[in-house]
1. Convex hull over the alpha-carbon atoms of the stretch 158-283: what's its volume per residue in Å³?
2. First obtain the Kirkwood hydrodynamic radius of the stretch 267-343 from its Cα pairs, then insert it into the Stokes-Einstein equation at 25 °C and 0.890 mPa s, and state the resulting D in µm² per second as a whole number.
3. Once the Cα atoms of the stretch 94-215 are picked out, what are the Rg and Dmax in Å?
4. Against the empirical 2.2 N^0.38 Å scaling, what ratio does the C-alpha Rg of the stretch 350-461 come to?
5. Could I have the simple spin-label model distance between ASP238 and THR165, label points 7 Å from Cα toward Cβ, reported in nm to one decimal?
6. Does the stretch 400-478 come out rounded, prolate or oblate, given a ≥ b ≥ c as the square roots of the eigenvalues of its C-alpha gyration tensor, rounded meaning a/c under 1.5 and, failing that, prolate meaning a/b above b/c?
7. Compare the peptides 106-112, 400-406, 339-345 by average per-residue count of other Cβ atoms within 10 angstrom and give them in order, highest first.
8. Size of the dipole of the stretch 303-423 about the Cα centre, Lys and Arg at +1 and Asp and Glu at -1 on the beta carbon, nothing else charged, in debye to 20?
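Nothing in this text is a laboratory measurement; each read-out follows from the coordinates by a stated rule. The structure displayed is predicted, hence computed values, not measured ones. Note: ideal-geometry Cβ built from the backbone for every residue, glycine included; neighbour counts use all protein chains shown.
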Amino acid sequence: MQRGDGGVNLPRPYGESFEADDGLEDLIANRLNRMEKGRRFWGRLTNTWLCILVRNLIPTLAIFTSVAVMAIPDQVDPSMAAFVSGAIIVCFIGPSVISSNFSLWVGLDRLGARGRTRDEQDSSIERILNTLTESRLHEYMRFSNLLSFSFLLWLSDRFPPGDETRGLLLVGSILAASIAVAHSILVERRTPNHSDDLPFLVHHAPSQHKSTLQDPLTEILIAHLDPESASRFSLWRDSLVVNFTRKKNPNESIEHILHLIYLHGRNMLSHHQLVQEFEKLVGPNKVESSILKNPHLDLPTLSRLMGHTRAWQSDLFRQIDRLQFGLMDHNASIAGHSWRLDASLPLRCGESRGDLFVMVNNLGSKSTPIELEVHVPNGQPSRQRFKLTPEPLTPPDHPLPMWSNDEEDVVTWLSNLVGSAHVLWLGVAWADDIEGRRPVRISIRHVDGQTISSDTLWTHVHPRSSGGESLRRRMGVARTAARRWQNQALTHTDRSKFIAP
């Protein structure tokens, strides 16, 4: 075939009566549903309190069993002890092994080569699949260690008491049980809930992102979602757009909803106030069906996503908090009716890099272009310049209450100010030989070079493989924070869905 023949209609290998719709998609969908049901069933079984308790006690009891066989061989039958311990291991460790297999199979089906689209980032997907594979390997290792203990215990009964070989086998069983104790602690700490409604979120770590955030909360939330969670968020957003009562940009309404969920998660809004704000957006009759119990993402799940995002990028949310308190106190940054520059950088930058967030507000009445410069001494690069034209928005001239039905409040103005700001999410990096406390300077200037405002941030730089916060630790912190936000939202809905961190 020549190069230009790619678009030629080739003859079909089947007869004319062959139907194009052969039901393959239904077969794949049914297989995915079976896998998902298996994952949830074995995950729920694995996470029952009885299974968790016995799983944690088995290695310790195994040590005491071997010691008892050595100390009182006439009263403890090694074969019977091996048989009972083996049965317990299969009954209580087996479901955990099966659930890890189902989690990996579901991940491969949804995120593997068949379930992957071109616009999905391979690095994120590979990290999730590698983590699921590692989790399954650890479950196999725990299961093998404990079965080795039972086998050595049974084998020791083939030799008479006092025999040297019997003693060595019992010592080996104690060693296998001791390894199982340490390994079981490690596995229980790292293994998330296998029956999770969002099974891949806890394994996801952000890799690539936009530098300019047009809709800050929406874009930073999506950047921290795994492909499946991002797909569900997109379906949620599409289902919500048709329910908005106000004729304004739907993206602004989505941003406002996320702001409300964030303030509710921070206990700045009560559940009653939250529902009242939702009613202003979608009407009183659609709040429950469109937001509180949305089939794609309900309120507790949205709260979990917001808590997950805040745990990863707390610096941006601290800027939002400062803006909120500025409106409540009407401090100088708001009362000046001029330019407002706010920047945040982690106190510790591991692996010689960090995330810098810059928020610039034009609190005047005229649209004016400015230049933003980020100077990182010995950085890579050392200087970055950006041309900005933030939308002008004159703030209120008096302190605002957090929430009010009758007058202007922080809830409304916070969304407006963040939406009109120019928000940048920049990666800053240093050379590998740079270590210690380092400055980062941010300045905004008029186009003629006159400085409007500047700020200097300090951070402790840790080179690769030295200090700093590890990726696994940050993922663990994000998992705990997300579950806490979800469970807090569940206090007003269905408590049966409570998930332990």
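1. With only Cα atoms used, the stretch 158-283 gives 197 Å³ per residue.
2. Answer, rounded: 165 µm²/s.
3. 21.0, 77
4. 1.31
5. 6.8 nm
6. Oblate is the answer for the stretch 400-478, as a/c is 1.5 or above yet b/c matches or exceeds a/b.
7. 339-345, 106-112, 400-406
8. Around 620 debye, computed over the stretch 303-423.
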